[in-house]
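For reference, the structure discussed in these notes is given below.
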Amino acid sequence: MALLTAEWRRLHAARRKRLMEMVGTEAIVVLAAAPERVRSRDTLYPYRQDSNFLYLTGFLEPDAVLALVPGRRYGEVILFCRERDREREGWDGPRLGPERAGAALGVDDAYPISDIDDILPGLMEGRARAYYPLGLDAGFDLKLIGWVNRMRGRGDGRAPQEFLQLGHLLDEMRLFKTEPELRLMQRAVDITIDAHRAAMGAAVRAPRGELHEYVLQAEVEREFRRNDAQPAYASIVGAGANACILHYGANASRVRAGELVLIDAGAEYRGYAADITRTFPANGRFTREQRALHDLVCAAQDAALAQARPGAAFAAMHEAAVRTLSEGLLRLGLLKGRLEDVVAGETCKRFYPHKTGHWLGLDVHDVGEYRIDGASRLLEPGMVFTVEPGLYVPADAAEVPAKWRGIGIRIEDDVLVTRGGHRVLSAALERRAEEIEALMARV
Ligand code: GLY
Ligand code: MN
Ligand code: MN
């Protein structure tokens, strides 16, 4: 249904108002709830509301459409949603229903979704522009085209002439997090911290030779569920060389003694994602080579974080991480050449093929531009992003000494830009090699 306190109802109303001010009284905004999706035959994937829909309503049900009609005398905020249905609710759970939507969500008017064909064209009439997430939901695209064609077919010339991407306006709003959002994000992070600790403890306590990656995944996700959260994305648990597979998801291998385990897992709490990675030795002690590379990734993260403050370019964090990794790889002998050539030639891509971070929010790879007019965007207070350098030496990297091969490491933390600099939301989680060893020795 909906999870709304009065504070959140006010927040959603304020977001809708701001959006309406931006689009103006010549426009209408139309946004559909995420469709339910079939997993197999008559079984559905767990339902997740569309992030923009969630952002503007807090409403968690499928089969709903929000229309914002700025300046409309008889109500600007209109919701279409499923009607109450005693029999269906007995199968699928409670529905809010149009009768209760006004009070629960703070919308001006609510109608049964089954009436949308009759009502929505009337709301669009006379509006020059329609803002809509074009191409997101092919089924809803067709419906919208059908309504517009019907209006045009009547020849009254009052159908919207222009269809504009809704995304850009909302993306910019969502990029800047408010205090109530940050409270939820911190909760998602705190749950995730407990989850990573639980996995490290389970690894070191597991009987020798008995541990599988999925057991650690279960530890992580158990912490999520017992805190009313769920995975924000498919948890990655990779032991040994599996850690070098960036989107590894099988999580099915045996963890061998002496291997590192990379866990990239984050909780989603009330719609907001955490995204944290730690890499730890299954037996609680780093080998010399594992430690050297782990220290280097830590140093790259420190270098990136040193750039995180208002006015700095987003790209400066990646550049700092790449420089530190390049220096270290030259020092350890994994790369050869002059530092400036290695940096300019992006040679470390061989072992560090991804970027150093991304926006974080309702989506794990959250919305918002990274570049403006061709230049890297400057950081501002309220932005939240990850800082996640890594090193991945493939098992078949014949050009480096064998002792380095098959080591994969990523360290990922979640960071808020503040007025004075930044705050690492996940700072409480053990990160340096000695902190991880100390934790694993004590659990
Ligand atoms: N877990 C996805 C990422 O780190 O970007
Ligand atoms: Mn990430
Ligand atoms: Mn991640």
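The values are calculated or read from the model by the stated rules, or taken from the named source; none is laboratory data. As the structure is a computational prediction, the values presented were derived from the model and not from experiment. Here the Cβ positions follow ideal geometry from the backbone for every residue, glycine too, while neighbour counts run over all protein chains shown. For the accessible areas, the whole protein counts, side chains as well, though only heavy atoms, and no ligand, DNA or RNA atoms are used. Shrake-Rupley method; radii C 1.70, N 1.55, O 1.52, S 1.80 Å.
Enumerate the calculated ³J(HN,Hα) couplings along region 392-403 in order (Karplus 6.51 cos²θ - 1.76 cosθ + 1.60, θ = phi - 60°), each rounded to whole Hz, writing x wherever the residue is Gly or Pro.
Taking θ as phi minus 60°, the curve returns 9, 9, x, 4, 9, 6, 5, 7, 10, x, 4, 5 Hz for region 392-403.
Can you list the DSSP H helices in the chain whose Cα atoms extend at least 18 Å along the helix axis and whose mean Kyte-Doolittle hydropathy is 0.0 or higher?
138-153, 314-332
In whole percent, how big is the carbon plus sulfur part of the accessible area of region 366-443, probe 1.4 Å, protein atoms only? Display every interim value, and only then the final one.
Working: 1690 of 3270 Å².
Looking at region 366-443 in its full context, I get 52 percent from C and S.
Provide the packing ranking of 126-135, 202-211, i.e. peptides ordered by the mean count of other C-beta atoms within 10 Å per residue, highest first. Don't skip to the answer; put the middle values down first.
Values: 126-135: 18.0, 202-211: 14.6.
The peptides rank, most packed first, as 126-135, 202-211.
7 Å from Cα along Cα→Cβ at both residue 48 and residue 86: what's the point-to-point distance in nm?
3.7
Probe radius 1.4 Å, ligands and nucleic acids ignored: give me the carbon and sulfur share of the accessible area of region 233-298 as a rounded percent.
On the way: 1050 of 2180 Å².
Looking at region 233-298 in its full context, I get 48 percent from C and S.
Give the whole-number value, in cubic angstrom per residue, of the convex hull volume spanned by the C-alpha atoms of region 290-379.
Spread over its residues, the Cα hull of region 290-379 gives 112 Å³ apiece.
Sorted from largest to smallest, which semi-axis lengths in Å does the alpha carbon gyration tensor of region 341-388 give for its equivalent ellipsoid, taking the root of 5 times each eigenvalue?
Square roots of five times the eigenvalues give 24, 15, 9 Å.
For 355, 349, give the ranking by accessible area with the largest first, probe 1.4 Å.
Order by accessible area, largest first: 355, 349.
Rounded, prolate or oblate: pick one for region 129-196, where a ≥ b ≥ c are the square roots of the eigenvalues of its C-alpha gyration tensor, a/c under 1.5 means rounded, and failing that, prolate if a/b is larger than b/c, else oblate.
Verdict is prolate for region 129-196.
Normalised by the residues of the chain, what does the relative contact order come to in percent, with Cα pairs under 8 Å and at least six apart?
Relative CO of the chain lands at 13 percent.
Counting only the heavy atoms of the protein chains, how much of residue 323 is accessible to a 1.4 Å probe, in Å² to the nearest 10?
Result for residue 323: roughly 90 Å² accessible.
I want the antiparallel fraction of DSSP beta bridges within the chain, as a percent rounded to 5.
Numbers: 41 of 52 bridges.
Antiparallel bridges make up about 80 percent of those DSSP assigns within the chain.
So what does log10 I(q)/I(0) come out to for the chain at q = 0.07 Å⁻¹, using the Debye formula with one equal point on every Cα and no solvent?
The Cα Debye sum returns log10 ratios of -0.42.
Would you please give the FRET efficiency between residue 419 and residue 287, computed as 1/(1 + (r/R0)^6) with r the Cβ-Cβ distance and R0 = 45 Å, to the nearest 0.05?
0.60
Reachable aspartates and glutamates from residue 403, Cα under 12 Å, same-chain residues fewer than 8 places away excluded?
289
Sorted by mean Cβ packing within 10 Å, highest first, what order do the peptides 185-198, 223-236 take?
Averaged packing, sorted descending, gives the order 185-198, 223-236.
Heavy atoms only, probe 1.4 Å: what % of the accessible area of region 131-183 goes to carbon and sulfur, would you let me know?
Taking all protein chains in place, region 131-183 shows 58 percent carbon and sulfur surface.
Show that you can apply the helix-only estimate: for the chain, add -39,500 (n - 2.57) for every DSSP H stretch of four or more residues, divide by all residues, and state [θ] at 222 nm to the nearest 500.
Estimated from H runs of four or more residues: -12000 deg cm²/dmol.
At a probe size of 1.4 Å, how large is the accessible area of residue 253, to the nearest 10 Å²?
Per-residue accessible area (residue 253): approximately 40 Å².
If the viscosity is 0.890 mPa s and the temperature 25 °C, what translational diffusion coefficient in µm²/s does Stokes-Einstein give for region 255-338 when Rh comes from Kirkwood over Cα pairs?
164
Rank by packing, highest mean first: peptides 327-336, 293-302, 104-113, with packing defined as the count of other Cβ atoms within 10 Å averaged across residues. Let's see the in-between values first.
On the way: 327-336: 17.1, 293-302: 22.1, 104-113: 19.9.
Ranked from most to least packed, the peptides come out as 293-302, 104-113, 327-336.
What does the accessible area per residue of the chain come to in Å², with a 1.4 Å probe and no ligands, DNA or RNA counted?
Values: 20010 Å² over 443 residues.
Accessible area per residue: 45 Å².
Just to verify a number: FRET efficiency for residue 162 and residue 13, C-beta to C-beta distance, R0 = 25 Å, to 0.05?
FRET efficiency, residue 162 to residue 13: 0.40.
Going by accessible area, probe 1.4 Å, with all protein chains left in place, what is the ranking of 364, 215, largest first?
Descending accessible area places them as 215, 364.
Can you bin every Cα-Cα distance in region 219-277 into 10 Å intervals starting at zero and give me the percent of pairs per bin, rounded to whole numbers?
24, 48, 24, 4
Could you tell me, in Å, what Rg and Dmax come out for the Cα atoms of region 1-160?
Using the Cα atoms of region 1-160, the pair Rg, Dmax is 15.8, 46 Å.
Picking from 351, 245, 58, whose Cα lies most toward the positive end of the charge dipole for the chain (charges on Cβ: Lys, Arg +1; Asp, Glu -1)?
351
For region 78-171, just run the numbers: alpha carbon Rg, then divide by 2.2 N^0.38 Å, N being how many residues it has.
Details: Rg = 15.6 Å, N = 94, 2.2 N^0.38 = 12.4 Å.
Cα Rg divided by the expected 2.2 N^0.38 Å: 1.26.
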